[in-house]
Amino acid sequence: MTYGASSRQTASAVAPSRLAVDSIAVAGFWVIPLIARNGASGVELAELLDLTARCRLRPLAGAEYDLARARDAHEDLLGRRTKGKLVLRP
């Protein structure tokens, strides 16, 4: 199991016994295999986009930066000082 992948480094493992104590779970989702999977007709992707359009699914915006500070945003991302998606404002 991994949490995030922005560093492209292997994340530390999550101990299943630690999750069981509090009856919690860790789950992940990546849309690329969904699109590439045999038989994927695009219906699933259309549903995801529809849910997003209706604000039922929303990305977590962790921080906003003026476009002039794009370098700072990138450095914060690489330095693992961010959570969620970064927004660059024009």
Query raised in the report: Under a 1.4 angstrom probe, counting protein chains only, how are THR10, THR82 ranked by accessible area, largest first?
Result: THR10, THR82
Report summary line: Per the rule of 0.36 nm per residue minus the C-alpha distance, extending ALA20 to ALA68 adds in nm 12.7 nm
Query - Shape of region 34-90, Cα gyration tensor, a/c cut at 1.5 - result: prolate
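The values are calculated or read from the model by the stated rules, or taken from the named source; none is laboratory data. This is a predicted model, so every value here is computed, not measured. Ligands, DNA and RNA are stripped out before the accessible areas are found, and what is left, the full protein with its side chains, is counted by its heavy atoms. Shrake-Rupley method; radii C 1.70, N 1.55, O 1.52, S 1.80 Å.
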